[in-house]
1. Please work out which residue is surrounded by the most Cβ atoms within 10 Å (Cβ to Cβ), limiting yourself to the stretch 278-288 and to residues that are modelled with pLDDT under 80 and out of contact with any helix residue (DSSP H, G or I) (no Cβ under 6 Å at 6 or more places or on another chain).
2. Which of the residues spanning the stretch 87-141 are under 24 Å from V39 (Cα atoms), of a type in the set (F, W, Y) and either at pLDDT 85 or above or open to solvent by 10 Å² or more (accessible area, probe 1.4 Å) (or both)?
3. Are there any pairs, at least 6 apart or on different chains, whose C-beta atoms fall under 9 Å, with the first in the stretch 178-193 and in a strand (DSSP E or B) and the second of a type in the set (A, V, I, L, M, F, W, C), and if so, which?
4. Could you say which residue among F58, F29, F82, F19 is open to solvent by less than 40 Å² (accessible area, probe 1.4 Å) and assigned to a helix (DSSP H, G or I)?
5. Tell me, which residue of the stretch 32-42 that is open to solvent by less than 50 Å² (accessible area, probe 1.4 Å) and not small (G, A, S) is modelled with the lowest pLDDT?
6. Does I248 satisfy the criteria of being assigned to a loop (DSSP other than H, G, I, E, B) and touching a residue at least 12 places away in the same chain (Cβ under 8 Å)?
7. Are any residues in the stretch 194-218 of a type in the set (K, R) and not in a strand (DSSP E or B), and if so, which ones?
8. Would you say T235 is closer than 17 Å to S84 by Cα, in contact (Cβ under 8 Å) with a residue 12 or more places away in the chain and not in a loop (DSSP other than H, G, I, E, B)?
Amino acid sequence: MTGLESIASAPMWAAFIAFVLLMLALDLFVFGGNKAHKVSVKEAGIWSIVWVSLALLFNAGLWWYLNGTVGAEIADRKAIEFFSGYLIEKTLSVDNVFVFLLIFTVFQVPQQYQRRVLIYGVLGAIVMRAIMISAGAWVVSEFSWILYLFGAFLLYTGFRMLVAADKEPDVANNPVLRFARRHLRVADGDHGGKFFVKKDGLRYVTPLFLVLILIEVTDIIFAVDSIPAIFAITTDPFIVFTSNMFAILGLRALYFLLVDVADRFPLLKYGLAMVLTFIGVKMLIMPWYHVPVQASLIVVAVLISASCIASLYISRSKGSKLS
């Protein structure tokens, strides 16, 4: 990632990667993230607060370090870039939650097994995001015009989301799922939280493993949208990577926090679509006007807040009419 200018030194990269590995190890082996367990809204809320707090503490630490080494101006700019990038990634990850919920519903996965699927989904997402961010950083450093292509793609994606906001993807007929069923031995039926089982000396994958494949593919698809979006905020690979990682690490807690209230935000997808459209326009007009990061932050916050408030108003109005 040396093609683009970054404020991070090699020790900073090493320290952050060590932090991510430590948090994953704690999640897996200390807090039992790979075990069957039904996550309550209270537990999900606590973990969501933990992950958001860690992201904010990291941002404060980054500002403090940069303020003492390269000056207040750069420290302020990088701190705002991180917070804006984190907010955008966190916002766009809400769409992942809706699709995850649909996948688990179609496959009738009990809540106590969803936690295990998502922790391995997070592990795969971290690896894939690291690869995609590295590739994206290299492409941007070699071909700066690619940012305009990113902008056009985000604009197209935003319009597509607006048109198809009320349509649910056909998970059962997903081509990846059909390919997996054709090329893997699938042991139908309930096998608890297992991804693999043995029958007659042969290893079979379980339906839960197919769910994991769909979760991983879903994250790759969403990464194609979210990674170009953050390059509209900053081209610093360290800021792109760290904001992405914090959003992913908090994704599982966000899912369990929203799973019971997802139907209360019917307009949120429109808000997400408008965020992508705004970012796409921002990237396309860069040769003539550079939208300040602070302004982008305000626009994204207003779009998401407005869609959430409007959703709650509509849900409450429908509830009062039914009563």
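1. The qualifying residue surrounded by the most Cβ atoms within 10 Å (Cβ to Cβ) is M286.
2. F98, F107, Y113, Y120
3. V186/A180; V186/V205; V186/F209; V186/L210
4. None of the others qualify; the one that does is F82.
5. Only one residue tops the list, namely N34.
6. no
7. Matches in the stretch 194-218: K194 only.
8. No; evaluated as a whole, the condition is false for this residue.
The values are calculated or read from the model by the stated rules, or taken from the named source; none is laboratory data. Since this is a predicted model, take the numbers as computed values, not measurements. A quick note on method: Cβ atoms are made from the backbone with ideal geometry, for glycine too, and the neighbour counts reach across all protein chains shown. To get the accessible areas, we keep the full protein, side chains included, count just its heavy atoms, and leave off ligands, DNA and RNA. Shrake-Rupley method; radii C 1.70, N 1.55, O 1.52, S 1.80 Å.
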